[in-house]
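The values are calculated or read from the model by the stated rules, or taken from the named source; none is laboratory data. It should be emphasised that the depicted structure is a prediction, and the values quoted were computed from it without experimental measurement. In this analysis, Cβ positions are derived from the backbone assuming ideal geometry, glycine residues included, and neighbour counts consider all displayed protein chains. Protein only, heavy atoms only, side chains kept; ligands, DNA and RNA dropped before computing areas. Shrake-Rupley method; radii C 1.70, N 1.55, O 1.52, S 1.80 Å.
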Number of protein chains: 2
Amino acid sequence: MSAFRFELLGQHGKLRRGRYHTPHGSFETPCFAPVGTYATLKGLTPEQVAGTGTELILANSYHLHVRPGAERIERLGGLHKFMGWDGPILTDSGGFQVFSLGGKVAIDEDGVTFQSVIDGSTHRCTPESVLTFQRQLGPDIAMVLDHCPPGDADADYQRAAHERTLRWARTARDLHERWGGSSRGQAVFGICQGGVHPELRAESAAAMAAMDFDGYAIGGLSVGETKQQMAVALDACADALPAGRIRYMMGVGMPEDLLAATARGVDLFDCVIPTRHGRNHTAFGKDGTSLKLRNAQYADDPGPLVEGCGCYTCRKYCRAYLRHLAVADEMLAGILLSIHNIHFLQDLMREIRARAEHQE
Amino acid sequence: MSAFRFELLGQHGKLRRGRYHTPHGSFETPCFAPVGTYATLKGLTPEQVAGTGTELILANSYHLHVRPGAERIERLGGLHKFMGWDGPILTDSGGFQVFSLGGKVAIDEDGVTFQSVIDGSTHRCTPESVLTFQRQLGPDIAMVLDHCPPGDADADYQRAAHERTLRWARTARDLHERWGGSSRGQAVFGICQGGVHPELRAESAAAMAAMDFDGYAIGGLSVGETKQQMAVALDACADALPAGRIRYMMGVGMPEDLLAATARGVDLFDCVIPTRHGRNHTAFGKDGTSLKLRNAQYADDPGPLVEGCGCYTCRKYCRAYLRHLAVADEMLAGILLSIHNIHFLQDLMREIRARAEHQE
C-alpha cells in the first residue's frame with residue numbers, strides 16, 4: 001500500500017473531516033499549511049512552527065530551483081533535512097509564481113519561458129521539469145505545472161488556460177507513472193483551473209479526476225473574484241471531484257474564506273497571509289477583526305493579543321510589549337505576531353474539524 | 001541579608017571563579033551577558049536565549065527611556081515581565097550611549113544634555129535621573145551615570161572625565177542609600193574611568209571602592225586602545241578594587257578579549273558582538289576564526305558551523321542551509337547565527353570557569 005492515503009473520517013453537509021497520510025506522518029483535514037517560500041517560514045524555527053499546531057508546510061519549488069537550486073538541495077539530503085522540518089511538506093510547481101511575479105513570460109505548448117525576478121536570468125518550466133525539480137527537492141507532495149490566468153482574464157483565455165493545464169497535467173501524470181507513481185515516496189496533485197466559470201470548472205475537475213491523481217488542487221481562485229463567484233466555482237469543482245481524494249484550495253488563508261471553503265468541501269489550504277500580516281505588525285483578532293500593533297491605542301495595553309488564545313505570544317506577552325517591538329521595528333515583533341497568526345488559523349481549523357465531527 | 005551577594009569560589013593567578021546572586025537567580029562568573037538594547041535580543045525569544053546557556057542579559061536604559069519610556073514599563077510591571085525574561089537583568093545608565101551615539105552633547109557639572117538620535121528631541125541625564133529611570137525599569141543591577149570619553153582623548157580630558165564620573169558616582173551612591181540601598185531589590189554598580197593611564201585607573205578604582213558599591217564596572221576600554229594598553233589599565237583597576245566584589249568590563253565580547261580580561265580578574269562582560277555578527281552573517285569559528293556565511297565556499301558544505309558545537313544551530317543545520325538563508329536575506333539566518341555566536345561565547349565562559357576550578 002502507498003504511504004499516501006486520504007481517510008474521509010466524517011462529513012456534515014459538504015464539510016469534510018479527514019486525515020492525509022504521508023511518509024513523514026499524517027495531517028488532519030481540514031488543514032491549513034503556512035508557507036516557507038525559501039525553505040524557511042520567515043523568522044521561525046521548525047519548533048516554533050510546530051508549536052502553533054502546524055502539521056504540513058509549503059515551500060516554493062520555483063524559488064528554490066532558482067536559489068539555491070533543486071539539485072543542490074538533493075545533494076544535501078533533500079528539503080526535510082535541509083530545512084530541519086520532519087513533518088509533511090508540499091511544494092508548489094511554480095506555475096502561480098511564473099504567472100504572478102511579473103517579468104517577461106512566454107507560454108508555448110510545451111511549457112513557459114520567463115525571466116527570474118531576482119537576477120533577470122532566463123528560466124524555462126515544463127510539465128516535466130517542474131516534476132524533476134520537485135523530485136530533487138523531495139517534498140511529500142508535488143504539484144503539476146498549471147497555467148494560472150489573471151483574475152480578469154476573459155472566458156476564452158480561461159478556457160485556453162484550463163485546456164493547456166489539462167494537457168500539461170497528462171504529461172506530468174505520465175512521467176510520474178513512469179517513475180513508479182507515489183510508491184517512490186512522493187504524491188503528485190493535479191490542479192483544476194477554469195476561473196469563475198462553473199462549466200469550465202466542472203469540465204476541468206472531471207478531466208483531472210479521470211487522470212487519477214493522488215489529490216486535486218483548485219487553482220486560480222482568490223485572485224480578485226467575488227465571494228459568490230468563488231462559491232460557485234468551488235461547488236462546480238467539488239461536485240466533479242472524487243469524494244475519496246483530498247481537495248486543496250491554493251493561496252487562501254483569510255478566516256472567512258477558510259470557513260466558506262471548508263463548508264463547500266475543501267480539505268486543504270495554504271497562504272502567506274499569517275506570516276506576511278505578522279511581519280506587517282498585524283494580528284488576527286476575535287470575530288474577523290485585526291489589530292494593527294503600531295497603533296498608539298496599544299501603547300499601555302497590558303492584555304494579550306486575543307483573550308484566551310493559547311499561542312506562545314498570547315501566553316507570554318502583552319499588547320504594549322508587542323506595540324513597543326513593532327514601533328522599534330524589532331525582528332521579534334514579526335516573529336511573535338507570525339506565531340500568533342498561524343496559531344490563530346490552526347485554532348480555527350481545529351474548530352472546523354470539531355464541527356464536522358460533532359454534527360456527523 | 002541582601003539578595004545581592006558575590007561569592008568568590010576559587011582563584012588561579014588573577015583568574016577568578018565566582019557566583020553572583022540576585023533576586024531573579026544567580027549567575028556564574030566569569031559571565032558573558034548578551035545585549036537586548038530595546039528589551040529584546042534581536043530576533044530571539046527568551047527561551048532561545050536561555051537555550052544558549054545565558055544567565056544574565058543587558059538592556060539599555062537610555063534607549064528604553066526614550067522609547068517606550070521607563071514610566072510606561074514600570075506601569076506594565078517592570079522590565080522582567082515586559083520582555084518575558086525571568087533571570088537577572090542589568091541595565092546600563094546610558095552614559096556610553098550619550099557620548100558615543102553622536103549628535104549634540106553638552107556636559108555640565110550636574111549632568112549631560114543631548115539630542116535623541118531617533119527623533120532629535122532633547123533629553124537630559126543626571127546621576128539622579130538615570131537611577132530613577134532604572135528604578136522604574138526594575139532590572140536587578142543598575143549602573144551609575146559615567147562620563148565615557150572617546151578613545152583618543154588626552155590625559156587631561158581623561159582626568160576630568162574620571163573626576164566628573166567620581167562626583168556623579170557619589171551623588172548616585174547617596175541617592176541609592178536614601179532609597180534604602182540594594183535591599184529595595186536593585187544593586188547599583190560604580191564605573192571606573194581613566195582611559196589607558198594606569199595612575200588614573202588606580203585613582204578611579206580606589207575612589208570608587210571607597211564608595212562601597214555593590215559591584216564595579218571598568219568603563220572606557222575597548223574603544224581603540226592596544227591590547228597592551230588594555231592589559232595595563234585592567235591590572236591597575238584590579239589591584240585597587242576589593243577582592244570580594246564583582247568586576248564588570250563593559251562592551252567587550254571578542255573571544256581573545258574575554259580570555260585576556262578574565263586572566264586579569266574580570267568577572268563579567270557584555271557585548272552586542274555575537275548578535276550583531278550574527279545578523280551580519282558572521283559566525284564564530286574554532287581558534288579565533290570566523291565564518292562569513294555569504295561566501296560561496298559554503299554553498300555545498302554539509303557540515304555544522306563548528307564541529308562538535310552543541311548549540312541549537314550546529315545540532316540542526318548545515319553550513320549550506322545557513323549560507324542559503326544568508327544569501328536569500330532570510331530573517332532566520334541572523335537568528336540561527338546569533339544563537340550560535342552567543343552559545344559559542346557561553347561555551348568559552350564555561351571553559352574559563354572550569355579552568356579556574358581545576359587549577360585552583
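For segment B:230-305, a Kirkwood radius taken over Cα pairs fed into Stokes-Einstein (10 °C, viscosity 1.306 mPa s) yields D = 109 µm²/s. Angle check, please: helix A:127-137 long axis (alpha carbons) against the longest principal axis of chain A (alpha carbons), in degrees 0 to 90, nearest 10. Value to nearest ten degrees: 50. Using only Cα atoms, tell me the angle between helix B:155-178 and the longest principal axis of chain B; keep it within 0 to 90° and round to the nearest 10. For helix B:155-178, the angle is close to 80 degrees. At q = 0.15, 0.19, 0.20 Å⁻¹ the log10 of I(q)/I(0) for segment A:121-196 amounts to -0.54, -0.79, -0.84, computed by Debye summation with a single uniform scatterer per C-alpha, solvent ignored. Placing unit charges on the Cβ atoms only, positive for Lys and Arg and negative for Asp and Glu, gives segment B:227-360 a dipole magnitude near 260 debye about its Cα centre.
Positive end of the dipole of segment B:240-360 (Cβ unit charges, origin at the Cα centre): among B:333, B:309, B:296, the Cα lying farthest that way belongs to B:333.
Counting each DSSP H run of 4 or more residues in chain B as -39500 (n - 2.57), what helix-only mean residue ellipticity at 222 nm follows after dividing by all residues, to the nearest 500 deg cm²/dmol?
On the way: 14 runs with 147 residues, N = 360.
Counting only the DSSP helices, I get -12000 deg cm²/dmol.
Summing Lys, Arg as +1 and Asp, Glu as -1, what charge do residues with Cβ under 10 Å from the Cβ of residue B:8 carry, residue B:8 excluded?
On the way: positive: B:16, B:17, B:19, B:245; negative: B:7, B:267.
Net of charged neighbours comes to +2.
Charged side chains reduced to their Cβ positions (Lys and Arg at +1, Asp and Glu at -1) give the protein assembly as shown a dipole of some 500 debye around its Cα centre. Which whole number in µm²/s is D for chain A by Stokes-Einstein, with the Kirkwood Rh taken over Cα pairs at 10 °C and 1.306 mPa s? In µm²/s, the coefficient rounds to 76.
Here's the list of aspartates and glutamates a cross-link from residue A:104 could span, going by alpha-carbon distance under 17 Å and ignoring same-chain residues fewer than 8 apart: A:119.
For residue A:167 and residue A:122, a Förster radius of 22 Å and the Cβ-Cβ distance give a FRET efficiency of 0.40, rounded to the nearest 0.05. Only protein heavy atoms count here; on that basis, with a 1.4 Å probe, residue A:282 has an accessible area of about 10 Å². Note on segment A:180-300: with charges restricted to the Cβ of Lys and Arg (+1) and Asp and Glu (-1), its dipole about the Cα centre is near 460 debye.
The residues of segment A:206-321 present an accessible area of 39 Å² per residue when probed at 1.4 Å with all protein chains retained. Interface B-A: total buried accessible area of about 3200 Å², 1.4 Å probe, protein heavy atoms only. The residue list A:24, A:118, A:70 was ranked by how far each Cα lies along the charge dipole of segment A:1-122 toward its positive end, using unit charges on Cβ atoms, and A:24 comes out on top. Spin-label model, residue A:9/residue B:74: points 7 Å from Cα along the beta carbon direction are separated by 5.3 nm.
Rolling a 1.4 Å probe over the heavy atoms of the protein chains gives segment A:1-149 an accessible area of 34 Å² per residue. Taken along its principal axes, the alpha carbon cloud of segment A:85-130 reaches lengths of 36, 24, 16 Å, longest axis first. Residues considered: B:204, B:100, B:338. Largest GNM mean-square fluctuation over chain B, using C-alpha springs under 10 Å, is found at B:100. Ordering A:106, A:43, A:129 by the projection of their Cα atoms onto the charge dipole of chain A, which places +1 on the Cβ of Lys and Arg and -1 on the Cβ of Asp and Glu, puts A:43 at the extreme positive end. The accessible surface of segment B:202-288, taken with every protein chain in place and a 1.4 Å probe, is 50 percent carbon and sulfur.
Distance between the C-alpha centres of segment B:96-123 and segment B:200-228: 23 Å, rounded to the whole angstrom. Each other residue within a Cβ distance under 11 Å of residue A:338 adds +1 if Lys or Arg and -1 if Asp or Glu, for a net charge of +3. What does the charge count around residue A:264 come to, taking other residues whose C-beta lies under 15 Å from its C-beta (Lys +1, Arg +1, Asp -1, Glu -1)? Its environment carries a net charge of +1. A point 7 Å from Cα along Cα→Cβ stands in for residue A:242, and the other copies hold the same point at 8.3 nm, listed in rising order.
Please report the carbon-and-sulfur percent of the accessible area for segment B:1-136; probe 1.4 Å, protein heavy atoms only, DNA, RNA and ligands left out. Mind dumping the intermediate values first?
On the way: 2490 of 4980 Å².
The nonpolar share, carbon plus sulfur, comes to 50 percent.
Using a simple spin-label model with pseudo-atoms 7 Å out from Cα toward Cβ, residue A:175 and residue B:212 lie 8.2 nm apart. The solvent-accessible area of residue B:256, taken with every protein chain present and a 1.4 Å probe, is close to 110 Å². Label point of residue A:303 (7 Å along Cα→beta-carbon): distances to the other copies' equivalent points are 5.5 nm, sorted ascending. Between identical copies, the spacing of residue A:183 label points, each set 7 Å from Cα toward the C-beta atom, reads 8.2 nm from nearest to farthest. Computed with every protein chain present, the accessible area of residue B:83 is close to 10 Å² [probe 1.4 Å]. For the protein assembly as shown, the pair-distance distribution built from all alpha carbon pairs, in bins 20 Å wide starting at 0, is 17, 42, 27, 14, 1 percent. At a threshold of 40 Å², the residues of segment A:41-86 that become less accessible to a 1.4 Å probe in the full protein assembly than in their chain on its own are A:43, A:45, A:47, A:67, A:72, A:76, A:82.
State the Cα centre-to-centre distance between segment A:1-75 and segment A:171-199 in whole Å. Here the answer is 17 Å between Cα centres.
Modelled this way, with points 7 Å down the Cα-to-C-beta line, the labels at residue A:113 and residue A:199 are 3.6 nm from one another.
Look at the stretch A:318-331: the mean tally of other chain Cβ atoms within 10 Å of its residues' Cβ atoms is 5.
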